[in-house]
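The values are calculated or read from the model by the stated rules, or taken from the named source; none is laboratory data. Keep in mind that this is a model prediction, so the values were computed, not measured. Positions of Cβ are backbone-derived with ideal geometry, glycine not excepted, and every protein chain shown enters the neighbour counts. SASA here: full protein model, heavy atoms, side chains in, ligands and nucleic acids out. Shrake-Rupley method; radii C 1.70, N 1.55, O 1.52, S 1.80 Å.
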Amino acid sequence: MTGKIVPVIMAGGKGTRLWPLSRATAAKQFLTLIGDETLFQSTLSRVADKTVYEAPLVVTNEDFRFLVAEQARAKDMALSGIVLEPLARNTAPALAAAARIVADRFGEDTMLFVLPSDHAITMDDNYQAATSAALRAAAKGELVTFGITPLEPATGYGYIELGGQLEKGAYAVGRFVEKPNAETAQALIDTGNYYWNSGMFLFSAAAIIAELELYSPDVVTAVDRAVAEATLDADFIRLDRDAFAQAPSISIDYAVMEKTANAAVVPSSIQWSDLGSWDAVWKIGEVDGDGNVVQGNVTVRNTTNSLVISRNAHMAVQGMDGVAVIASEDAVLVGRLDNAQDVGNLVKLLAADRKTASLTETHPTSLRPWGGYTSILNGDRFQVKRLFVHPAKKLSLQKHHHRAEHWICVKGTAEVTIGDQVTILHENQSIYIPQGAVHRLGNPGKILLEMIEIQTGSYLGEDDIVRLVDEFGRT
């Protein structure tokens, strides 16, 4: 048992509300939207105090496992483990698994601080006061959620009504209100007794397991078996797929919080945003004298109250007011900020058309445990990519049945293995990998390695990779 708190960071969500930067395989928690850190890394920073917190336990999915590990490594942040959900089952099964793992490892009385990984939060005095109040209530067996003082009649958030005061800073939950329309949201705010539902929780492992057993026993039965039959792979805890699949897909609010008599809420004016739309990003951004928030290669003229972001091409915006112009490497979104909540319907339209469906799924830049690559140019029987490899990392030893590759070193030092021969490439040097040749690329240096890869052949899909040796277990 420990007197510290175990942060449980939920990092498995796949959303497209910040399209075109976020995609199904490029979730917003791993994007850099504010400052120099990704949202996931900012979440890690909030629980970095080792005098208060144990190493975090991260719950994510198979696709994001190496992203989680690499972004934690980049911050030099140790993790208690990375729990891999074999399939999506919403938050109740995920938290049940985390609670059982924490209880087994640290003791049932251990506190869990459950944090979404994609929120923007300022750690000020209000934040510290709220967490202290939540801890006091959780120590008495309450299941505590955090309520945020509403700043506007937002329709993208759930609301929580305050009941009677339990103790200083903590109240019983009166009721939960799912995302209301604008008129209802305003009426709730006017009462002065409703707060936004932040999705953050603090409770003991024993308390949440007991309430799950009472109100959602099917979740506990399936998850306990999934944890008992989990396999360990380095830092990854792989929940058993067949067992986990038996758990109902249900949120923790529906499964427990709306039913339990032990639900508590700590209201606070924490500076908080779930960054669920582009207008939310604009609201917390650093505005210039005209009310604009700009990032990347951007020029604005006679433009006010707008958000302009470019990840590659230079964006020039003139004579606009209240718009969002967001440019990724392969797509541009232009729309009004006051209509930003409707981006999801636009994404559905794109996904329904086979010509544009890939724009909602994959991003030109794909991250891998060794680094990643950006697709630069595609044509008939050829493709050009920029590869970037972290220091001391290697790609798998592999071969391709349908393509040859040309590699050009543009930055750093490359170690290239072709068959039994190892070659060291420096900047401006190149090498050819014949079709079918067993090969490998590594970075033996201390700086990021950048390569240009030109693929030629009859088929250039990512599934034409036969991995023979791989330090990340992908063979």
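Here are a few things to note about the model shown:
- Filter result for residue 250 (among the aliphatic types (A, V, I, L, M), within 30 Å of residue 147 (Cα to Cα), surrounded by fewer than 20 Cβ atoms within 10 Å (Cβ to Cβ) and touching a Lys or Arg at 6+ places or on another chain (Cβ under 9 Å)): yes
- Candidate set: segment 1-26, residues that are at pLDDT below 90 and hydrophobic (A, V, I, L, M, F, W, C); chosen: the one farthest from residue 57 (Cα to Cα): 24
- Candidates 374, 356, 360: the one that is under 30 Å from residue 278 (Cα atoms) and assigned to a loop (DSSP other than H, G, I, E, B) is 356.
- If you filter segment 124-161 down to residues that are open to solvent by 20 Å² or more (accessible area, probe 1.4 Å) and hydrophobic (A, V, I, L, M, F, W, C), you find that the one that is nearest to residue 22 (Cα to Cα) is 151.
- Sole exception among (1) open to solvent by less than 60 Å² (accessible area, probe 1.4 Å); (2) over 22 Å from residue 63 (Cα atoms); (3) in a loop (DSSP other than H, G, I, E, B); (4) of a type in the set (D, E, K, R) for residue 427, by number: (1)
- Among the residues making up segment 103-123, those that are open to solvent by less than 30 Å² (accessible area, probe 1.4 Å) and in contact with a Leu (Cβ under 8 Å, 6 or more places away or on another chain) are 111, 112, 113, 114, 117, 119, 120.
- Checking every residue in segment 303-319 against the condition of being closer than 22 Å to residue 64 by Cβ and assigned to a strand (DSSP E or B) gives at least one match.
- For segment 177-226, filtering for residues that are aromatic (Phe, Trp, Tyr), part of a helix (DSSP H, G or I) and in contact with a strand residue (DSSP E or B) (Cβ under 9 Å, 6 or more places away or on another chain) leaves 0.
- Complete set of residues in segment 133-147 that are under 11 Å from residue 171 (Cβ atoms) and under 26 Å from the mean Cα position of the chain (by Cα): 144, 145, 147
- Test: residue in segment 280-289 that is open to solvent by 10 Å² or more (accessible area, probe 1.4 Å), among the charged types (D, E, K, R) and in contact with a strand residue (DSSP E or B) (Cβ under 6 Å, 6 or more places away or on another chain): no
- In segment 139-181, residue nearest to residue 191 (Cα to Cα) [restricted to those that are in contact with a helix residue (DSSP H, G or I) (Cβ under 6 Å, 6 or more places away or on another chain) and of a type in the set (Ser, Thr, Tyr)]: 159
- Residue within segment 25-33 that is touching a helix residue (DSSP H, G or I) at 6+ places or on another chain (Cβ under 9 Å), assigned to a loop (DSSP other than H, G, I, E, B) and surrounded by 21 or more Cβ atoms within 10 Å (Cβ to Cβ) present: yes
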